[in-house]
There are 2 protein chains.
Amino acid sequence: MNTRTALLDSAERAARQRGYDGFSYADLASDIGIRKASIHHHFPKKADLARELIDRYATRFADQLSEIAAAEPNAAAKLRAYHGLYRDALGAGTQLCLCVAFSAGRDSLTEPVLDQLNTFHARSTAWLSLVFEEGAVDGSVANLTDAADDARATLALMEGAQLLARAAVDLSLFDQATAAFLCRLSPSQMH
Amino acid sequence: MNTRTALLDSAERAARQRGYDGFSYADLASDIGIRKASIHHHFPKKADLARELIDRYATRFADQLSEIAAAEPNAAAKLRAYHGLYRDALGAGTQLCLCVAFSAGRDSLTEPVLDQLNTFHARSTAWLSLVFEEGAVDGSVANLTDAADDARATLALMEGAQLLARAAVDLSLFDQATAAFLCRLSPSQMH
DNA sequence: GTCTATAATGGGATAGAC
DNA sequence: GTCTATCCCATTATAGAC
């Protein structure tokens, strides 16, 4: 694998576990086995690395949302899959979604990174809004209010549930915090 | 005011705006007008300061919950007041509740501080559980599931909504994310 | 593209005078 | 209780050889 990708992978793992301020070029260097000065050849400033990190993450997440939209038959199934993304991102309860990790440390981020972060939130909200509108039509989601509000509430719930679970390093807290949300979704049909 | 309290106040403001790693003794020193070496007289290590910070915060929060429990007539009113605490804590959209700020940067925290953080979460959840059980009796809260799950979901929603609002420095995002939650609460009576 | 070497800065922390 | 002075270390970043 090329060094650049190895660096991005290492940095993403580190950022999601310890936050943006919680990892240094020295950490990445010892992780992938080069000297820290060499990293500056690929990412001159740490802000450049952060930028690429969030870009790559946003792209990957958007692709996953597209796949879900294409693969799942109704709104409830799409929301279950969305919930699964956030649950999987927790790993063993030690890491967060990159965008939660970055939201938390937002004061050390540069403008372009912050912009990407808010774009990520906006896109997620837009995608969820469409799903909730679909839910109003197909009847697979209970207790609907306003689609945009439901979307923001869902995003907030996932991010908050990750925070709770990670604070205690206990995945079951994520499940408890999101249990009521899953209850609103009609069960998938048998084949 | 005594120096010790001034330091705690300054540190709390800083931590809620920039996180635990985001402020230094130098920041506090210039903020309250002493030299940074003097701070070590009051708090030998930064971890000591963090400990006192979270202790004080947890105590204050518990008192507020007691007041709410005593003052509000039913479950819906108590939850509205609880929601108000988190909304107020956001200020102009630039700061978080201390415990969200600490949850985010958890990897630089020491064991006693982490313990206090989880105790805080546990107490909040316990208080909310009782309120949701009251709601099941007085009928003032809609769409109830399991009281403990509803409690964790509520805590996660508040923390996540704060994160969303702070990322964009936009209080209205908190309101949108929590709008559906408020809708579940029956309106207060006229007098 | 990676290395050694070296800034330059800022962090937490301590000793000892006043 | 606060000060000056200092230490030690980690961090981001750069220069220039290979």
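Select from region B:1-35 the residues that are open to solvent by 70 Å² or more (accessible area, probe 1.4 Å) and without any contact (Cβ under 8 Å) to a residue 12 or more places away in the chain and write down the one among them that is nearest to DNA strand D (Cβ to nearest atom). Applying the filter and picking the extreme gives B:R35. Condition first: under 21 Å from B:R18 (Cβ atoms) and either within 14 Å of chain B (Cβ to nearest Cβ) or touching a helix residue (DSSP H, G or I) at 6+ places or on another chain (Cβ under 7 Å) (or both). Can you find one or more residues in region A:74-96 that meet it? Checking region A:74-96: at least one residue is under 21 Å from B:R18 (Cβ atoms) and either within 14 Å of chain B (Cβ to nearest Cβ) or touching a helix residue (DSSP H, G or I) at 6+ places or on another chain (Cβ under 7 Å) (or both). Residues of region B:160-187 that are among the small types (G, A, S), open to solvent by less than 10 Å² (accessible area, probe 1.4 Å) and at the interface with chain A (Cβ under 7 Å from one of its Cβ atoms): B:G160, B:A161, B:A167, B:A177. Among the helices (runs of 4 or more DSSP H) confined to region A:92-191, the ones with at least 2 residues that are in contact (Cβ under 8 Å) with a residue 24 or more places away in the chain and in contact with a His (Cβ under 9 Å, 6 or more places away or on another chain) are located at A:98-104, A:147-168, A:171-183.
Take the residues of region A:1-27 that are within 11 Å of DNA strand C (Cβ to nearest atom) and in contact with a helix residue (DSSP H, G or I) (Cβ under 9 Å, 6 or more places away or on another chain): which is farthest from B:L109 (Cα to Cα)? Top of the filtered list is A:M1. Going by the structure shown, is B:L96 within 16 Å of DNA strand C (Cβ to nearest atom), more than 20 Å from B:D150 (Cβ to Cβ) and surrounded by 20 or more Cβ atoms within 10 Å (Cβ to Cβ)? It is false that B:L96 is within 16 Å of DNA strand C (Cβ to nearest atom), more than 20 Å from B:D150 (Cβ to Cβ) and surrounded by 20 or more Cβ atoms within 10 Å (Cβ to Cβ). Of the candidates A:Y57, A:Y86, the single residue that is more than 16 Å from DNA strand C (Cβ to nearest atom), more than 30 Å from A:G139 (Cα to Cα) and hydroxyl-bearing (S, T, Y) is A:Y57.
Among residues that are of a type outside the set (G, A, S), at negative phi and within 7 Å of another protein chain (Cβ to nearest Cβ), B:Q116 is not included.
Take the conditions (1) closer than 19 Å to A:L164 by Cα; (2) buried (at least 16 other Cβ atoms within 10 Å of the Cβ); (3) away from DNA strand D (no atom under 16 Å from the Cβ); B:R80 misses just one of them, which is (1). Answer yes if at least one residue in region B:126-139 is among the acidic types (D, E), open to solvent by 40 Å² or more (accessible area, probe 1.4 Å) and within 21 Å of A:R106 (Cα to Cα), and no otherwise. No, because not a single residue in region B:126-139 is among the acidic types (D, E), open to solvent by 40 Å² or more (accessible area, probe 1.4 Å) and within 21 Å of A:R106 (Cα to Cα). May I ask you to verify whether B:R123 is surrounded by fewer than 16 Cβ atoms within 10 Å (Cβ to Cβ) and modelled with pLDDT of 95 or more? Against the criterion (surrounded by fewer than 16 Cβ atoms within 10 Å (Cβ to Cβ) and modelled with pLDDT of 95 or more), B:R123 qualifies. Scanning region A:60-73 for residues that are within 14 Å of chain B (Cβ to nearest Cβ) and of a type outside the set (V, I, T) turns up nothing. Each residue in region A:36-55 was checked for being more than 10 Å from DNA strand D (Cβ to nearest atom) and in a loop (DSSP other than H, G, I, E, B), and 0 of them qualify. Among the residues of this structure, B:R51 counts as one that is surrounded by fewer than 20 Cβ atoms within 10 Å (Cβ to Cβ) and within 18 Å of the chain's Cα centre (by Cα).
The values are calculated or read from the model by the stated rules, or taken from the named source; none is laboratory data. Small disclaimer: the values here were computed from a predicted structure and weren't measured. Cβ sites come from the backbone with ideal geometry, for glycine too, and all protein chains shown count toward neighbours. The protein model used for the area step is the full one, side chains on, heavy atoms only, and it has no ligands, DNA or RNA in it. Shrake-Rupley method; radii C 1.70, N 1.55, O 1.52, S 1.80 Å.
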